[in-house]
Every structure is written in structure tokens, then in C-alpha cells.
Amino acid sequence: DTHSGDSGGRAQPPSPTAGTCPFHMAKPGAMMCRATPWCHGPALTPTSAGTTWMQEILTLLFSLGDARPAKTIPNWERAPWLEQIYSREALQNTGSPRLLTTHLPARVLGNPPSCGGDTVSLQVIYVARNPKDVAVSFYHFHHLAKFLPDPSSFDAFLTQFLEGTVHYGSWFDHVKGWLGQRHLLDILYVTYEELHQDLRGTAQRLSSFLGCPLAPGTLAALEQHCSFSAMRDNAMANYSLIPAEIMDHSQGRFMRKGVVGDWRSHFSPEQNALFNRRYQEEMGDTELPSQWPM
Ligand code: A3P
């Protein structure tokens, strides 16, 4: 028995059918991967951060630890962005099962959020990160991303971040919006910090949630291929394939530091006090799945 755990009383994934793996559909002619039997979905990954890491983890889970899809297919093909799928027909054309990624706020996808009208099998994994580290990471990302405005200073950027006048809007609204879906959707909340603390345990939790079996060796392969250093060196995950007019790689790496608490080397005591005040105002009575070290 290679199954990691129970599926929480949910319907079991469909029985094995050949040729339904999203990796095959994403890239005809790509190597056969062993994921086929239990791929089901769509599984949607909305994130306020930790996106690329979760795409890689789900790729390894879906391939039963076979690293070839992660090493040969860019992550935007393995887990396409909902933002870049422009019509319901295009979404349906991606075929089912599918693994989708989005930064969109929950309200944009309806109430309850749905994909292409298909609410029945939608499973959602929401990834969040300490907003102080999100602000730092996002600030550096603005230097790379040519489609985002140049941030004048960290202080100015932090003000915009707290006001929600950055790309995708307010972090607070994003997290509260997706937390508000917990009674309406089949949703699992994961934090970036949990991935750091216990990648293996979190992967097991993901596999139970998705009803996706764990083959012997999957977790070891996942730990190896989803490590920061492996992903930093994987062109299919580190965005180095994106042309310089979209991402200016001379300004730094997308896979920058990958640590918890980098905000401590960026925030002044005043910025920290301001952030804590705003956080308390916005999130004070919110039931978070995990408490960030603020
Ligand atoms: P830093 O800028 O702090 O280094 P997203 O994918 O949502 O845009 O988030 C990007 C952040 O996730 C970056 O954070 C990146 O380094 C980090 N990240 C990506 N893969 C990671 C991994 N395997 N381990 C740790 N951090 C990772």
C-alpha cells in the first residue's frame, strides 16, 4: 500500500486511466510520467507567496517523485496561471485533470470561487507567508520584473504594500478573502514557514488532502528536488527562461534567498512598529491557520 493516508471522507480519485496526466497534455511528446493513475482535479493553488515552491511540490507529488517533468517542463506549463487563461473554453481546453495557479483574490472567482463552472471537483491549496517577508521578497521582485513599476525605496514600497496599492492589491484582503472560503470550498491552508519547518510532513498532508498516493521514495525525491538550491539551479523553476525584457536577470535572481525572517535585515524599528499596528488593525480578530512570528 503506497497511499500516505486517508482522504478525509472525500470521494476517491478516479480509477486509473491512461493518458490523463496534465504533464502529457502540457507537452505532447514529453516523457511518460507515472502520475497518470490518480491525477484528478482541477487543483487550484492561490497564493500570496510560496507559489513557485508549491508548484514544484505538487509536480513531484503528481509524478510520484519522478523528477523528469519538473526538470523538462517549465512550471508555467505544468501549473498554468489562471490569469493567463482568458476564457472558459480555453480553460476547458486545458483538459481535466489540471493544476492551476493564481494570485487572484477569492472574490474575483465568484462566491464560492469556481473554475470554469466546475465547483464539484475543485480542490484549493492556499499558500501564505509572513507578510513582512512577502513585502521584502516582493520589493526585490520589483527590481527584476519589467512589467512592475520601479520601487523608489523600500520605505516607499512598504507604504504601498500596507495601503494595498501594489500589484494584486492588499495582502490583508487576499488572505482574509481566501480564509473566508474555508466553509465553502475544499481548501487546505499551508504556510511558507511550514514548508520550511517540515517539508516532508507538509507534503504528506498535501497528499492526503488531494487523495494522491505516495509511492515509496516520493518524499525523498520531493525533498531533494524542491530544496531551495535544487530549484535555484532548475531552469524550469527559476524563471531564468523568461526573456530579459520581461525579467531583468541582471538585477538579481528570482530564487533570491528563500529564508524565513529576512524582514529583520530590512525593517527599521519604526517600519516594524507601523507594520505591527496595521497588521493588528487588519488581522486582529482573524482566525489564522498559523501564527507568524511578528
Ligand atoms: P525570497 O525573495 O524571500 O527569496 P513566489 O513563488 O510566491 O513568487 O515566492 C517567491 C519566494 O519564494 C522567493 O523568496 C523565493 O526564493 C522563495 N522560494 C521559492 N522556492 C523556494 C524553496 N524551494 N525554498 C525556499 N524558498 C523558496
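The values are calculated or read from the model by the stated rules, or taken from the named source; none is laboratory data. Predicted, not measured: the structure shown is a model, and the values here were computed from it. Note that we place each Cβ from the backbone using ideal geometry, even for glycine, and neighbour counts take in every protein chain shown. The area values use the complete protein model at the heavy-atom level, side chains included, leaving out ligands, DNA and RNA. Shrake-Rupley method; radii C 1.70, N 1.55, O 1.52, S 1.80 Å.
Observations on the model:
- Scanning segment 57-84 for residues that are within 15 Å of the ligand (Cβ to nearest atom), surrounded by fewer than 24 Cβ atoms within 10 Å (Cβ to Cβ) and among the charged types (D, E, K, R) yields Lys71, Glu83.
- For segment 261-292, a residue qualifies if it is open to solvent by 70 Å² or more (accessible area, probe 1.4 Å) and within 16 Å of the ligand (Cβ to nearest atom), and the qualifying residues are Arg264, Ser265.
- Hey, Asp173 away from the ligand (no atom under 13 Å from the Cβ), acidic (Asp, Glu) and farther than 17 Å from Gln280 by Cα or not: no
- Among residues that are touching a helix residue (DSSP H, G or I) at 6+ places or on another chain (Cβ under 6 Å) and at pLDDT 90 or above, Ala67 is included.
- Test result for Thr218, among the β-branched types (Val, Ile, Thr), more than 14 Å from the ligand (Cβ to nearest atom) and touching a residue at least 12 places away in the same chain (Cβ under 8 Å): yes
- With respect to (1) under 21 Å from Asp248 (Cα atoms); (2) away from the ligand (no atom under 13 Å from the Cβ); (3) not in a helix (DSSP H, G or I), the lone exception for Asn234 is condition (2).
- Selected residue [touching a strand residue (DSSP E or B) at 6+ places or on another chain (Cβ under 8 Å) and either closer than 18 Å to Thr52 by Cβ or open to solvent by 40 Å² or more (accessible area, probe 1.4 Å) (or both)] from Ile187, Ile125: Ile125
- Residues in segment 250-260 that are within 14 Å of the ligand (Cβ to nearest atom) and more than 25 Å from Tyr126 (Cα to Cα): Gln251, Gly252.
- Selection of segment 184-204 for residues being more than 15 Å from the chain's Cα centre (by Cα) and either closer than 21 Å to Gly258 by Cβ or among the β-branched types (Val, Ile, Thr) (or both) yields Gln197, Asp198, Arg200, Gly201.
- Failed item, numbered, when Ala35 is tested on (1) modelled with pLDDT under 60; (2) open to solvent by 20 Å² or more (accessible area, probe 1.4 Å); (3) among the aliphatic types (A, V, I, L, M): (2)
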